[in-house]
Amino acid sequence: MNHPFTLAGAALVALPSGALWWPDRGILCVSDLHLGKSERLARRGGALLPPYEAQDTLTRLDADLETTGATRVICLGDSFDDAEAVLGESERLWLLRLMAGRDWIWILGNHDPAPMGLGGAHLAELVIGPLTFRHIAAGGHEVSGHYHPKARLGGTARPCFLLDARHLILPAYGTYTGGLWCHDPALARLMAPGALAILTGKRTFAIPV
Amino acid sequence: MILDDWFAEKGWHLHPHQQAMLDRSRDPATLLIAPTGGGKTLAGFLASLDELGTKPPAGMHTLYISPLKALTADIRRNLRAPIEGAGLAIRVEDRTGDTTATARKRQRADPPHILLTTPESLALLLSYPDAARTFAGLQRVIVDEIHALAESKRGDQLMLNLSRLQTLAPGLRRVGLSATVEDPPALARFMGGADVLVADPGPEPDIAMLETQAPPPWAGGGGRYAIPDVLAQVRRHNTTLIFHNTRAQAELFFHDLWLANTDDLPIGIHHGSLSREQRARVEGAMAAGELRAIVCTGSLDLGIDWGDVDLVIQVGAPKNVKRLVQRIGRANHRYNAPSKALLVPANRFEVVECVAALQAVRARDLDGEPRGPGPRDVLCQHILATACAGPFDAGALYAEVVTAGPYATLTRADFDACVDFCATGGYALAAYDRWKRLLLRNGLWQLRDPRAALVIRQNLGTIIDTEKLKVRFRRGGPLGEIEEGFAATLTPGDTFLMAGQVVRYEAMRELTVEVTRNPGRDPKVATFDGTKFATSTLLTHRILEMFQQDRWPELPRHTAEWLALQREVSRLPEPHRLLCESFPDQGREYLCIYGFAGRNAQQTLGLLVTKRMEEAGLAPLGFVATDYATLIWGLERVHDAAPLLDPEGLRDGLDTWLRGNAVMKRTFRNSAVIAGLIERAHQGRRKTGRQATFSSDILYDTLLRYDPDHLMMQVTREEAERGLVDFSRIEEMLERNHGIDLVRRERVTPLAAPLMLEMGRVPVMGAARERLMEAEAERLMIAAGLA
């Protein structure tokens with residue numbers, strides 16, 4: 001079950017997968033994919049994590065594109081875990097296939113400040129209608145990512161959207177991502193009183209923060 | 001012997017087993033089994049002191065390993081007396097996690113004659129490139145309390161490291177020191193083969209049930225009904241240790257004991273979740289003879305003898321005869337003096353278990369579940385640690401590893417799979433060609449990046465802490481720690497029990513829970529991750545045998561009458577038939593399965609059977625499990641229990657159910673940390689940036705989806721089936737029983753009645769989880785005026 005809402009007059013939908021869908025504009029927005037995370041950890045001499053996270057993240061993105069029929073995709077930064085991130089050949093082709101025929105925008109994040117050589121547009125931020133899309137919240141009517149908010153409901157923790165009258169913060173979409181509790185001071189100071197947390201999972205649940 | 005004069009001066013004589021240990025000091029390996037208080041540790045050291053003497057050559061001669069850090073410090077003090085008394089020039093030092101960095105460095109360059117350490121510190125020492133030099137001249141290794149180490153992965157790791165030491169110092173002689181165990185030859189095999197020396201077990205312990213004014217309640221735990229009688233015993237003895245099976249029960253009992261302690265007897269509490277300062281204070285007071293009683297848990301099972309303990313009280317069924325015997329030994333640590341102990345069953349069923357345990361103790365019949373082969377996650381850590389010390393040859397390391405008892409049956413293929421896991425991650429998808437952790441160069445395995453050694457060393461060890469938060473007074477000192485999961489359920493103003501005090505949750509700062517004193521009425525009990533032991537197979541079999549008697553003169557009347565009534569109304573469980581009862585109560589249908597398989601297995605059985613009932617349309621609503629039975633309730637009557645309990649079906653259910661279960665994820669996390677797949681959460685590093693780290697559950701889910709036969713998944717399954725899931729006990733139960741009897745009655749039976757009152761009911765959720773969340777979300781929105 002989706003969670004429809006309006007932000008600055010724009011009719012948006014929070015999807016259970018953690019993606020944001022803007023039907024009037026045909027835009028699908030996802031944040032913090034962190035592709036190449038396990039490879040980066042290995043490169044730095046750390047643990048060799050199961051190398052399936054890009055596959056898993058792309059499977060979900062593929063499904064969301066299929067269901068919504070989005071023509072424009074905004075990746076809200078930290079799409080790659082670092083500037084040297086290397087995707088496996090099959091994952092690179094998969095991503096190129098998803099990009100084909102779509103207007104694809106890479107917003108730059110703190111993990112991936114440089115373009116990744118995959119095509120698409122690379123922007124620091126993007127204004128569409130009343131909304132500004134950027135990686136880290138900075139003010140105004142905006143859609144951002146970066147913080148990986150998560151919340152607890154009935155003993156279960158889930159990644160969540162955070163929403164108040166001006167801001168929307170997206171959950172991390174990537175498989176290998178953790179979260180920051182939505183009541184953490186770093187997040188709480190960004191949100192106005194009365195903000196909502198929209199939990200993701202099999203369906204969405206909206207609760208007060 | 002060099003200490004003869006000193007002994008004579010003191011007027012002491014060697015005990016026979018101490019002399020025997022000296023006599024066979026040249027043997028390559030000896031396992032000494034001696035009761036507590038028998039001067040076991042000295043028996044281990046005599047040969048070392050004798051060989052080192054007045055002009056010891058430089059270099060390490062003896063390595064002493066104990067499971068407890070506190071023990072090493074104490075042994076160092078205890079050795080000072082004979083060394084100084086006999087004028088020996090022996091240098092003794094200890095090395096634990098508390099040793100300073102400079103002292104450690106010096107110990108590696110210039111080792112003492114005798115080094116006292118723990119399994120974890122030894123693993124660390126062996127991971128340095130200079131390990132070969134440090135241990136080159138080592139003559140003897142003494143493993144104290146080896147029976148305790150043998151029950152956990154700490155022991156598996158230690159045995160691997162002993163095999164390493166044996167390679168570095170081929171002439172090394174091994175000594176194991178153990179309390180009484182059920183199978184000394186098995187323990188000898190565990191330490192890689194050894195001659196067993198069994199000391200005189202000493203006189204029979206003086207052990208009985210505590211007579212109480214009130215009968216025990218029908219169900220529940222904690223033994224609160226016995227508090228007046230326990231206090232009376234405390235008054236009558238010098239120092240009493242009051243053992244509990246869980247930390248939560250110890251906290252509750254201590255709290256109530258104080259409310260009833262009108263004489264203000266000095267009584268303390270001691271368990272593993274209390275802060276080091278709190279524990280040290282209690283230990284100090286006890287050593288000084290200031291305490292009349294200590295409410296405690298397994299945290300006092302091992303350790304030094306302090307004070308004048310003359311009574312041990314065990315509250316709650318002992319679950320395991322061997323541990324009971326070892327606990328009883330804590331009273332009267334004098335050689336050849338009987339220990340005195342009293343048992344306090346917490347409920348009616350435990351009365352039967354306590355009597356069965358008493359009979360087993362008198363018959364010197366000890367239990368023990370065989371542990372199975374050494375787990376591969378520990379081996380993976382050992383391989384990584386070995387690589388930290390320097391390049392190694394796989395064939396040579398394999399030959400060394402199989403000399404360790406727990407790994408004697410390890411196949412070369414399994415060993416190679418572990419090396420592959422360490423090198424490449426061992427995934428079906430070869431993804432890390434460029435970034436292997438270990439590389440094969442000139443036939444030797446070595447770290448690709450030598451800097452990785454730092455991370456590997458930080459992760460050494462097999463003890464995995466659950467994420468815990470420190471608890472401290474807003475104005476004042478630390479109290480202890482609670483699980484993060486429990487802390488998350490607290491809101492400011494909630495009260496809970498900690499260190500026997502009722503405290504009020506005020507706030508969370510950084511990773512510390514701030515509390516104030518608040519003697520409120522109805523505190524919550526903090527959950528601690530103390531192990532919940534299942535009743536041993538031996539004890540459950542003894543109970544089943546006892547049920548077959550015509551009468552029960554050895555049981556208190558209330559309990560004997562209860563069993564007689566059960567026999568009259570229904571029947572009593574038998575050793576070779578599985579009894580199930582079915583009855584209605586208040587509009588619900590009940591099914592009770594008397595599996596006698598222990599708590600964990602009965603819990604798993606509840607999950608599996610309710611799942612099959614759900615599929616069969618029998619609408620189960622929930623269940624509760626104890627060590628003896630699983631009670632299931634639902635909407636439909638069960639007419640035939642056999643299909644629900646058919647082994648094939650249960651095994652299938654286990655495979656599917658097990659996969660997504662929280663128990664598996666927890667088991668996976670522990671194994672993944674040990675094997676080096678996940679880095680340990682270091683307290684200091686957890687402070688900020690938590691969005692950078694992600695839950696190990698995600699790794700588990702990913703492997704389950706893309707690589708379900710990965711080594712870590714195999715290890716997790718093996719581990720869970722032996723541990724929390726305990727499917728082996730379910731299989732033992734099904735094998736033991738040659739038939740299933742389903743008895744139908746129109747009302748609750750006497751044996752099932754206590755189960756109706758048990759706590760810890762498990763609701764059967766199925767798809768209900770999302771529905772519950774929905775209702776909760778709606779309630780919150782309405783409460784916030786947002787709906």
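The values are calculated or read from the model by the stated rules, or taken from the named source; none is laboratory data. In this text, all values refer to a predicted model and were calculated from it rather than measured experimentally. Backbone-built Cβ (ideal geometry, glycine too); neighbour counts: all protein chains shown.
Annotations for the structure displayed:
- Matching residues, the stretch B:591-609, being touching a strand residue (DSSP E or B) at 6+ places or on another chain (Cβ under 8 Å) and surrounded by 23 or more Cβ atoms within 10 Å (Cβ to Cβ): B:Leu591, B:Cys592, B:Ile593, B:Tyr594, B:Gly595, B:Gln602, B:Gln603, B:Leu605, B:Gly606, B:Val609
- Matching residues in the stretch B:696-743 - criterion: being part of a loop (DSSP other than H, G, I, E, B), within 14 Å of chain A (Cβ to nearest Cβ) and buried (at least 17 other Cβ atoms within 10 Å of the Cβ): B:Asp707, B:His710
- Among the residues of the stretch B:678-695, the ones that are under 24 Å from B:Leu384 (Cβ atoms), more than 7 Å from chain A (Cβ to nearest Cβ) and at pLDDT below 55 come to 5 in all.
- Unmet criterion (only one of (1) at pLDDT below 80; (2) within 30 Å of B:Gly676 (Cβ to Cβ); (3) surrounded by 24 or more Cβ atoms within 10 Å (Cβ to Cβ)) for B:Glu369: (3)
- If you go through the stretch A:166-182 and keep only what is of a type in the set (Ser, Thr, Tyr) and either assigned to a strand (DSSP E or B) or out of contact with any helix residue (DSSP H, G or I) (no Cβ under 6 Å at 6 or more places or on another chain) (or both), you end up with A:Tyr173, A:Thr177.
- Inspection of the stretch B:138-151 finds no residue satisfying the criterion of being within 21 Å of B:Gly461 (Cα to Cα) and more than 25 Å from the chain's Cα centre (by Cα).
- Condition met for B:Gly395 (assigned to a helix (DSSP H, G or I), of a type in the set (Gly, Ala, Ser) and either touching a helix residue (DSSP H, G or I) at 6+ places or on another chain (Cβ under 8 Å) or within 17 Å of B:Leu440 (Cα to Cα) (or both)): yes
- Complete set of residues in the stretch A:42-54 that are under 20 Å from the mean Cα position of the chain (by Cα) and at the interface with chain B (Cβ under 7 Å from one of its Cβ atoms): A:Tyr52, A:Glu53
Each row is one residue, and each column tells you yes or no for (1) part of a helix (DSSP H, G or I); (2) without any contact (Cβ under 8 Å) to a residue 12 or more places away in the chain; (3) in contact with a strand residue (DSSP E or B) (Cβ under 6 Å, 6 or more places away or on another chain).
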residue: B:Arg106; (1), (2), (3): yes, yes, no
residue: B:Pro112; (1), (2), (3): no, no, yes
residue: B:Tyr128; (1), (2), (3): no, no, no
residue: B:Arg154; (1), (2), (3): yes, no, no
residue: B:Leu162; (1), (2), (3): yes, no, no
residue: B:Thr167; (1), (2), (3): yes, no, no
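- All told, A:Ile107 falls short of being within 14 Å of another protein chain (Cβ to nearest Cβ) and modelled with pLDDT of 95 or more.
- Among helices (runs of 4 or more DSSP H) entirely within the stretch B:215-331, having at least 1 residues that are acidic (Asp, Glu) singles out B:227-236, B:247-260, B:276-287.
- If the condition is being of a type outside the set (S, T, N, Q) and touching a Lys or Arg at 6+ places or on another chain (Cβ under 9 Å), then the stretch A:176-190 contributes A:Tyr176, A:Gly178, A:Gly179, A:Leu180, A:Trp181, A:Cys182, A:Asp184.
- Selection from the stretch B:6-50 of residues that are surrounded by fewer than 18 Cβ atoms within 10 Å (Cβ to Cβ), in a helix (DSSP H, G or I) and either of a type in the set (D, E, K, R) or in contact with a Lys or Arg (Cβ under 7 Å, 6 or more places away or on another chain) (or both): B:Glu9, B:Lys10, B:Asp23, B:Asp50
- Residue in the stretch A:126-147 that is within 12 Å of another protein chain (Cβ to nearest Cβ), buried (at least 18 other Cβ atoms within 10 Å of the Cβ) and over 16 Å from A:Cys29 (Cα atoms) present: no
- The number of residues in the stretch B:21-46 being more than 32 Å from the chain's Cα centre (by Cα) and small (Gly, Ala, Ser) comes to 1.
- Odd one out for A:Glu39 among (1) within 9 Å of chain B (Cβ to nearest Cβ); (2) under 17 Å from the mean Cα position of the chain (by Cα); (3) in contact (Cβ under 8 Å) with a residue 40 or more places away in the chain: (2)
- Residue satisfying all of: in the stretch A:174-196; touching a residue at least 40 places away in the same chain (Cβ under 8 Å) and more than 8 Å from chain B (Cβ to nearest Cβ); surrounded by the most Cβ atoms within 10 Å (Cβ to Cβ) among these: A:Gly174
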